[in-house]
Structures are given as structure tokens and as C-alpha cells.
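First the structure, which I've put down as C-alpha cells, then a few questions once you've had a look.
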Amino acid sequence: MLLGNLLYGQDYQLANRFSIQEGLPSNHIYDITEDNSGFLWITSDNGIARFDGKNFYVYTVKNGLPSNDVLQIIKDNNGTIWANCYKELPSYFDPATNTFVPIQTNDKINKICNALLNYSILPNGTLRFFSDYGYVDIQNKKINKVSNLYS
């Protein structure tokens, strides 16, 4: 009876390490997010990797990214995956074509995006990309509003 009090279960923790040997595009990772299907999206200085639990699929400029230097990966309220590349236009993942699609552009948007972009998701679900030069609001993959602070 006393012996039963001394027995306990072993604490088990599984940890995996991944690098370029396992399929990551780079060992320099910026950001990670999980999509609605359970895939992990991992950004790096050499593209994006989507991880399904076993394999990595790498996306680069060949797959529509405006740059391979992807700082952030964002899941908006609709579950759309967005890539925020260094000083480039934001782009969203189109699962039908398995590519990234940059947002439409004009001179105002180019000025905003040529600076380092930040993002926020507004209470109404609008995805806002902004820099020191202004912001671009996006809803349902379409530009809703553009505001330049220094026209």
C-alpha cells in the first residue's frame, strides 16, 4: 500500500527541431501562424513554408510572392492567409491556384508599401496594412480604403 504512493507517471514532452535539412527555406524564421486547416505557415528570409505535420511546401517569388523576404504571415478573420514582405505589397494565398496574389496597386499604395508595413485587424474584420506614409484597408481580399498621410 505504501509503495503505491511512490509511483507516478512519467512526464512526456515531444519536441521537434526543423531546419533546412528537413525542408525549411531558411534557418532564419520571422513568424509562424496556423491556418483554419491546421497547417503551419512559417516565414523566413527565403520564402514561406507551409507545414502539414510531415512535409514542408515552400513558396517563393516563383509562387507569386512579391519578395522572398517575408516578415509576417497573417490570418485574417475570414481565414485568408496574407504575406507581408519587406517593403512590398501585401499578398494573399489563393488555394485554388496554390499561389500568392498581390493586392492591386497604384501610386498611393506603392508609396505606403515602400516603407516597412505593420498590420492590424480592426473590430469590423478589416485588415489594415500601414506605414509612416498611410494605410490600406482590405476586406474580402479587396481594397476598401487608402489613406496617404503625406500626399
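The values are calculated or read from the model by the stated rules, or taken from the named source; none is laboratory data. None of these values were measured; they are calculated from a predicted model. Cβ coordinates were reconstructed from backbone atoms using ideal geometry, including for glycine residues, and neighbour counts include every protein chain displayed. For the accessible areas, the whole protein counts, side chains as well, though only heavy atoms, and no ligand, DNA or RNA atoms are used. Shrake-Rupley method; radii C 1.70, N 1.55, O 1.52, S 1.80 Å.
Considering only residues that are at negative phi and not in a strand (DSSP E or B), which ones fall in segment 55-77?
Here is the first cut: in segment 55-77, the ones at negative phi are 55-63, 65-77.
ASN55, THR60, VAL61, LYS62, ASN63, LEU65, PRO66, SER67, ASN68, ASP69, ASP76, ASN77, listed by residue number.
What is the residue count in segment 103-114 for residues that are of a type outside the set (A, V, I, L, M) and crowded, with 17+ Cβ neighbours inside 10 Å?
Residues flagged as of a type outside the set (A, V, I, L, M) and crowded, with 17+ Cβ neighbours inside 10 Å within segment 103-114 amount to 2.
Mind counting the residues in segment 121-151 that are over 26 Å from ASN63 (Cβ atoms), of a type in the set (Gly, Ala, Ser) and assigned to a strand (DSSP E or B)?
Total meeting the criteria: 2.
Output the qualifying pairs, or none if there are none: Cβ atoms under 6 angstrom, residues six or more apart or on different chains, first residue in segment 28-47 and polar (S, T, N, Q), second residue open to solvent by less than 60 Å² (accessible area, probe 1.4 Å) and part of a strand (DSSP E or B).
Sorted first by the residue in segment 28-47, then by its partner, the pairs are THR33/TRP41; THR33/ILE73; THR43/ASP31; THR43/VAL70; THR43/ILE73.
Can you find a residue that is open to solvent by 60 Å² or more (accessible area, probe 1.4 Å), of a type outside the set (A, V, I, L, M, F, W, C) and touching a Ser or Thr at 6+ places or on another chain (Cβ under 8 Å) anywhere in segment 55-75?
The answer is yes; a qualifying residue exists.
When segment 140-151 is examined, which residues are found to be over 17 Å from the mean Cα position of the chain (by Cα), at pLDDT 90 or above and open to solvent by 40 Å² or more (accessible area, probe 1.4 Å)?
Passing the criteria: LYS142, ILE143, ASN144, LYS145, VAL146.
Can you spot a residue in segment 64-77 that is more than 24 Å from SER131 (Cβ to Cβ) and modelled with pLDDT of 80 or more? Lay out the reasoning, then the answer.
Initial filter on segment 64-77 (more than 24 Å from SER131 (Cβ to Cβ)): none.
No: zero hits.
To keep it simple, each residue is scored yes or no on (1) part of a loop (DSSP other than H, G, I, E, B); (2) modelled with pLDDT under 95; (3) surrounded by 20 or more Cβ atoms within 10 Å (Cβ to Cβ); (4) of a type in the set (S, T, N, Q).
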site	(1), (2), (3), (4)
GLY79	yes, no, no, no
ALA83	no, no, yes, no
PHE93	no, no, yes, no
THR97	yes, no, no, yes
LEU116	yes, yes, no, no
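Which of (1) under 18 Å from the mean Cα position of the chain (by Cα); (2) without any contact (Cβ under 8 Å) to a residue 40 or more places away in the chain; (3) on the phi > 0 side of the Ramachandran plot is the odd one out, the single condition GLY125 does not satisfy?
So GLY125 meets the others, but not (2).
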